[in-house]
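The values are calculated or read from the model by the stated rules, or taken from the named source; none is laboratory data. Quick caveat, the model's predicted, so the values are computed rather than measured. Because the Cβ atoms are built from the backbone with ideal geometry, glycine has one as well, and the counts that use them run over all protein chains shown. Keep in mind that these areas ignore ligands, DNA and RNA; they rest on the heavy atoms of the full protein, side chains included. Shrake-Rupley method; radii C 1.70, N 1.55, O 1.52, S 1.80 Å.
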Amino acid sequence: MGITHGFGAELRRGLAVGAKNRVLSFLSGMGITALLQSSTATVLIISAFVGQGMINSATGLAMVLGADVGTTLVAQVFSLDLSFLIPLFMIAGYIAFSMKKSSGRFKNLGRILIGAALMLFALMWIKTSAQPLKESEVLPIVLEALSSDKIFGILIAALLTWLAHSSLAIVLLLMSFVASGILPLELGIYMVLGANLGGTIPPILATLKDHPEARRVPVGNLIIRLIGVVAVFCFIPYIKPHLDILGGDETRKIVNFHTFFNVTLALIFLPFTGIMSKLCQYIIPDVVEKDDPSQARYLDHKDLPTPSVALASATRETLRMADMVQEMLDSTITVFKTNDMALLKKVREADDVIDDIYGQIKIYMAKLSQEFMSEEEAQRYVQVLTFSTNLEHAGDVIDKNLMPLALKKIKRNINFSDEGMREIAHIHFLVMESVQLAQSIFVSNDVDMAKKLLQDKQDIREAELSGMTTHIERLGDGVPETIATSSLHVDIIRDYRRINSYMCTVAYPLLDEKDKSTHYKQEVK
């Protein structure tokens, strides 16, 4: 969990870089899983990539094969006697997590070390506490039943792995039982097959409601594992006399078999991931879905445990909101010029969509607030929530203020003077530019752009004052159109400026932070 919290974005970039070919995909999946210590977490990340169209399912399956090998490497490491590292990891992790001035990533590094120490301690504790089981009167009866029915042993291991959500944990548990003399080696090997099969179930259940593309990757993994388990099950009686080729004592043989099984599957199926992808597409066909613009497209609740990734998703959804507001705003000037009732209705309906998306962003951000975030992530959290809120306010101004003014103009059958229309169009153009610039600032956090946005705000204010002066002059000259539309003209300019004010809020935190930084540097000097 500490790795996904602190380095989730980097891990995802690592997977994306490895998507160039099958071999790189395999290696990236293996490397990321070795770091995450969980093939389940890696498979879910890969499924999300496939579901979003970032990689195809064949590449995703190659990564999953690497992920399955990666988790065996972790098992190899934890099968060694590393008990001497427990106090070192625990102390170092506590210090890293407890330091007040440490960054969020440093705290997550502390969580990683503490988690590793607890896992090593759990293994040591299992080995110690399992010793009395040798004298149990019930255990031999249970093991005899499992030994006589190997399929049942495989199913029991698969069930335990599903409940534990970790094939790594069950393999290490089996290793400890074999090392303690409680579990026969042969039965342990059969149960390792069950652990590999059970490890495919949690990702399938977690992606049941996802896009068909995302569901195909876990299903493909299940098919590959199932083929492998059936094949090895049939041949174990023939390789039983040759188990010494696995090397080491019986404890090592369990872990080495786990690695051998997954490496063999990878070598066999890696060249055929394309065929497996087509098979999965046949099993889970595409579903033609009606596009609902009011539904969030980028908010994936599976990303919430990784704040950096969840914030990136919320940013994309907020930018989608910004595009809609920009489109609404662009349509307003057309409505004022052409009295287009159909377009006016379309603009008002768009605000309902924006309200729905904003509601989903708020719920998503509320859930994200329950996760541990670094200081930088907390600042980004506030930026996303603030900007999305101001976009929703801007949409309301268009819907509840500008469009009623346009409707009033249409019903009264009045028109602006040519000069008045040019003034409104000029203000509209400046505000449109501010909306576009605000989006760029939201993404880049560029201080120079922030300064320009506030300078443009001053330009809009000056344009408003200049327009008011000429408007009053036209009233004095008795221009009929100006007299008829005077109140509309003033209100429209006012509402455009309100939209600009909402956009400018994205710049203030950046400039405040820069001022604080400059002041701090001057104090240091």
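Under the √(5λ) rule applied to the eigenvalues of the Cα gyration tensor, what semi-axes describe the equivalent ellipsoid of the stretch 382-434? Give them in Å, descending. Working shown, then result.
Working: eigenvalues 156, 50, 3 Å².
They are 28, 16, 4 Å, listed from largest to smallest.
In this model, which of Lys209/Lys278; Lys411/Lys452; Lys302/Lys400 are farther than 31 Å apart at the alpha-carbon? Walk me through the numbers before you get to the answer.
Details: Lys209/Lys278 21 Å; Lys411/Lys452 39 Å; Lys302/Lys400 36 Å.
Check vs 31 Å cut-off fails for Lys411/Lys452; Lys302/Lys400.
Report the FRET efficiency, 1/(1 + (r/R0)^6), for His426 and Phe152, where r is their Cβ-Cβ distance and R0 is 56 Å, rounded to 0.05.
Working: r = 80 Å, r/R0 = 1.43.
Using R0 = 56 Å, I get an efficiency of 0.10.
Can you bin every Cα-Cα distance in the stretch 335-456 into 10 Å intervals starting at zero and give me the percent of pairs per bin, rounded to whole numbers?
P(r) over the stretch 335-456, rounded to whole percents: 11, 31, 31, 19, 7, 1.
Cβ neighbours within 10 Å, averaged per peptide: list 157-167, 369-379 in order, most packed at the top. Spell out each step's value before the answer.
Details: 157-167: 21.3, 369-379: 14.6.
Going by the mean number of other Cβ atoms within 10 Å, highest first, we get 157-167, 369-379.
Top to bottom by accessible area (1.4 Å), largest first, where do Cys234, Cys280 land? Show your work: numbers first, answer last.
Numbers: Cys234 75, Cys280 0 Å².
Accessible-area ranking of Cys234, Cys280, largest first: Cys234, Cys280.
Would you calculate the convex hull of the Cα atoms in the stretch 280-344 and tell me its volume per residue in Å³?
Values: hull volume 7.9 nm³, N = 65.
Per residue, the Cα convex hull of the stretch 280-344 comes to 122 Å³.
When only C-alpha pairs under 8 Å and at least 6 residues apart count, what is the relative contact order of the stretch 271-386, in percent? All intermediate terms of the calculation are to be shown ahead of the outcome.
Numbers: 73 pairs, mean separation 39.6, N = 116.
Computed over the stretch 271-386, the figure is 34 percent.
I want to make sure I understand the PRE zone here: with the label point 7 angstrom from the Cα of Phe272 toward its beta carbon, which residues in the stretch 204-224 have backbone N atoms less than 16 Å away?
Counting only backbone N, you get 220-224.
Cβ under 10 Å from Tyr364's Cβ, Tyr364 left aside: what net charge do those residues give with Lys, Arg +1 and Asp, Glu -1? Working shown, then result.
Numbers: positive: Lys362, Lys367; negative: Asp300, Asp303, Glu317.
Its environment carries a net charge of -1.
With a cut-off of 8 Å between alpha carbons and a minimum separation of six or more residues, what is the relative contact order of the stretch 375-464 in percent? Don't skip to the answer; put the middle values down first.
Working: 20 pairs, mean separation 23.1, N = 90.
Relative contact order comes out at 26 percent.
So, how do all the Cα-to-Cα distances of the stretch 397-490 break down into 10 Å bins, in percent, from 0 on up?
Each 10 Å bin holds this share of Cα pairs: 15, 38, 29, 14, 4.
Dipole of the stretch 374-425 (Lys/Arg Cβ +1, Asp/Glu Cβ -1, origin at the Cα centre): which of Leu407, Gly395, Tyr381 lies farthest to the positive side?
Leu407
Could you work out, for the stretch 259-415, what percent of all Cα-Cα pairs fall into each 5 Å distance bin, beginning at 0 Å and stopping at the bin that holds the largest distance?
1, 8, 14, 12, 11, 10, 10, 10, 9, 5, 3, 2, 2, 1, 1, 0, 0
Which of the peptides 327-339, 62-74 is most tightly packed, and how do the rest follow, going by the mean number of other Cβ atoms within 10 Å of each residue? Walk me through the numbers before you get to the answer.
Details: 327-339: 18.4, 62-74: 27.1.
Packing order, densest peptide first, comes out as 62-74, 327-339.
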